[in-house]
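Participant: Following this message is one structure expressed as structure tokens.
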Amino acid sequence: MTTRTGLERVGMRENGVNASKTDPADKLHAYRALIKSRQTLLLLATGMAGYLSARPQSASWTDVLSLSLSLFAAISGTTALNMVLDCDIDARMERTAGRPIPAGVLSPTEATLFGAALISFGLATAFWADVVFGAVFAAGVLFDLLVYTLWLKRRSPWSIVFGGIAGGMPILAGRALGTGKVDGLGLLLALSVLTWIPAHIMPLSMKYADDYRRAGVPTWPTVHGFDSARRFIAVANGLRIVALVWAGWLLRICPSSLALLGLLGTVMLGLSMWSIGRPSSRLNDVLFKSASLHMLGSMILITLGALL
């Protein structure tokens with residue numbers, strides 16, 4: 001097997017690839033790394049919350065299965081194609097140099113075919129389940145690949161907002177599957193995901209600011225400064241509380257779930273406000289890790305609150 005640098009081996013371990021294994025095992029682990037399964041499952045959870053909150057008492061197991069398969073496949077495929085489109089950037093960043101394509105475990109062609117097959121299967125399943133569901137989710141895939149990745153990511157720090165729009169599409173699609181249409185409540189739920197994106201992305205782009213500068217990617221912290229990024233996160237977290245609590249109230253979720261929803265949001269807002277007053281790399285890491293837990297907890301509360 002081809003000898004790899006220490007940096008590649010470190011990066012491969014971080015992304016689920018073990019360079020000490022035989023080539024077939026490397027390939028298998030590389031394909032798994034290509035889909036970022038944790039991120040994919042988190043977005044799948046938002047789509048499930050959108051559907052179950054729309055049909056808490058009349059959910060169809062066929063719909064649940066179709067939603068799970070279509071979202072997981074299409075989100076995974078989109079992530080894989082993003083890695084293909086960004087492989088030159090990844091190769092210039094220490095954090096990402098060990099990903100499957102820049103590390104040489106997978107070729108761009110292999111990753112493209114893999115991603116395209118997953119997207120095709122996912123969208124075909126989505127349209128089979130419901131035309132509106134499929135159309136909303138297809139729009140999200142196209143928005144992510146064309147608007148966010150190809151057009152804005154290398155040009156503007158505002159790409160984070162448009163990436164957030166794509167991130168909000170799974171929950172909007174799930175809601176559309178449950179109601180048969182795109183409604184105001186679905187858009188409000190999508191807004192709650194969009195406003196989550198800054199707390200998920202910006203702490204990482206602050207931690208690896210030198211990497212992004214080296215790769216020539218204009219992130220908010222590198223263009224407008226860390227203080228501006230921290231204020232951006234705090235404003236986004238404040239808007240997220242409003243969006244989540246308002247959505248929960250409109251969904252008539254149980255009072256305890258609604259209260260916990262507000263409490264979780266307040267904790268995140270408090271952390272982001274604290275980071276403005278007393279910034280530190282440790283608090284930055286806490287914000288990043290807490291963001292995903294907050295998203296997952298919010299989706300669970302919305303779903304259970306609607307079911308109870």
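Participant: Across the stretch 161-170, what is the total count of residues that are buried (at least 21 other Cβ atoms within 10 Å of the Cβ) and either farther than 14 Å from Thr79 by Cβ or more than 15 Å from the chain's Cα centre (by Cα) (or both)?
Facilitator: 2
Participant: Turning to a different aspect of this structure: Checking Met273 against (1) outside any helix (DSSP H, G or I); (2) within 23 Å of Pro157 (Cβ to Cβ); (3) aliphatic (A, V, I, L, M): exactly one of these is not met. Which one?
Facilitator: The single condition Met273 does not satisfy is (1).
Participant: Go through the stretch 42-63 and count every residue that is part of a helix (DSSP H, G or I) and surrounded by fewer than 16 Cβ atoms within 10 Å (Cβ to Cβ).
Facilitator: To start, the set of residues in the stretch 42-63 that are part of a helix (DSSP H, G or I) comprises 42-54, 61-63.
Retained after the next criterion (residues that are surrounded by fewer than 16 Cβ atoms within 10 Å (Cβ to Cβ)): 61-62.
Adding up the residues that qualify gives 2.
Participant: Please state which one of Arg231, Arg214 is within 22 Å of Phe288 (Cβ to Cβ), at pLDDT below 95 and either among the acidic types (Asp, Glu) or surrounded by fewer than 20 Cβ atoms within 10 Å (Cβ to Cβ) (or both).
Facilitator: On the way: Arg231 fails: at pLDDT below 95.
Among Arg231, Arg214, only Arg214 is within 22 Å of Phe288 (Cβ to Cβ), at pLDDT below 95 and either among the acidic types (Asp, Glu) or surrounded by fewer than 20 Cβ atoms within 10 Å (Cβ to Cβ) (or both).
Participant: For the stretch 72-100, give me each residue that is under 19 Å from Lys207 (Cα atoms) and among the polar types (S, T, N, Q). Give the derivation first.
Facilitator: So the first thing to find is which residues in the stretch 72-100 are under 19 Å from Lys207 (Cα atoms), and the list is 89-99.
Of everything in the stretch 72-100, just one residue is under 19 Å from Lys207 (Cα atoms) and among the polar types (S, T, N, Q), namely Thr96.
Participant: Quick check on the stretch 143-160. Is at least one of its residues among the small types (Gly, Ala, Ser) and either open to solvent by 30 Å² or more (accessible area, probe 1.4 Å) or in a helix (DSSP H, G or I) (or both)? Full working, then the answer.
Facilitator: Residues of the stretch 143-160 among the small types (Gly, Ala, Ser): 156, 159.
Now restrict to residues that are either open to solvent by 30 Å² or more (accessible area, probe 1.4 Å) or in a helix (DSSP H, G or I) (or both): 159.
Yes, the conditions are met somewhere in the stretch 143-160.
Participant: Continuing with the same structure: Residue under question is Thr96, and the condition is that it be on the phi < 0 side of the Ramachandran plot and either outside any loop (DSSP other than H, G, I, E, B) or small (Gly, Ala, Ser) (or both); does it hold? Reasoning before the result, please.
Facilitator: Values: on the phi < 0 side of the Ramachandran plot: yes; either outside any loop (DSSP other than H, G, I, E, B) or small (Gly, Ala, Ser) (or both): no.
Answer is no for this residue.
Participant: Just a yes or no: is a residue in the stretch 257-265 open to solvent by less than 40 Å² (accessible area, probe 1.4 Å) and either under 21 Å from Leu204 (Cα atoms) or in contact with a strand residue (DSSP E or B) (Cβ under 9 Å, 6 or more places away or on another chain) (or both)?
Facilitator: yes
Participant: For the stretch 178-198, give me each residue that is touching a residue at least 60 places away in the same chain (Cβ under 8 Å) and open to solvent by 10 Å² or more (accessible area, probe 1.4 Å).
Facilitator: Of the residues in the stretch 178-198, the ones touching a residue at least 60 places away in the same chain (Cβ under 8 Å) are 178-179, 185-186, 188-189, 192-193, 196.
If the condition is that a residue be touching a residue at least 60 places away in the same chain (Cβ under 8 Å) and open to solvent by 10 Å² or more (accessible area, probe 1.4 Å), then Gly178, Thr179, Leu185, Leu188, Trp196 are the ones that fit.
Participant: Name the residues in the stretch 100-138 that are in contact with a Leu (Cβ under 7 Å, 6 or more places away or on another chain) and among the charged types (D, E, K, R), would you?
Facilitator: Once the filter is applied, which keeps residues that are in contact with a Leu (Cβ under 7 Å, 6 or more places away or on another chain) and among the charged types (D, E, K, R), the stretch 100-138 yields only Asp130.
Participant: Something else: Quick one: what pairs do we get from the stretch 93-113, first residue open to solvent by 50 Å² or more (accessible area, probe 1.4 Å), second of a type in the set (A, V, I, L, M, F, W, C) and outside any helix (DSSP H, G or I), C-beta under 7 Å, 6+ apart or different chains?
Facilitator: These pairs meet every condition: Pro108/Ile101.
Participant: A further question follows. Hey, Ser66 hits all of (1) touching a Lys or Arg at 6+ places or on another chain (Cβ under 9 Å); (2) at pLDDT 95 or above but one; which does it fall short on?
Facilitator: Checking Ser66 against (1) touching a Lys or Arg at 6+ places or on another chain (Cβ under 9 Å); (2) at pLDDT 95 or above, the one that fails is (1).
Participant: Could you pull out the residue among Arg231, Arg240, Arg213 that is in a helix (DSSP H, G or I) and without any contact (Cβ under 8 Å) to a residue 12 or more places away in the chain? Let's see the steps before the verdict.
Facilitator: Working: Arg231 fails: without any contact (Cβ under 8 Å) to a residue 12 or more places away in the chain; Arg240 fails: without any contact (Cβ under 8 Å) to a residue 12 or more places away in the chain.
Answer to the check: Arg213.
The values are calculated or read from the model by the stated rules, or taken from the named source; none is laboratory data. Quantities reported herein were computed from a predicted structural model and do not represent experimental measurements. With ideal geometry, Cβ positions are generated from the backbone for all residues, glycine too; neighbour counts draw on all protein chains shown. Heavy atoms of the whole protein, side chains included, go into the accessibility calculation; ligands, DNA and RNA do not. Shrake-Rupley method; radii C 1.70, N 1.55, O 1.52, S 1.80 Å.
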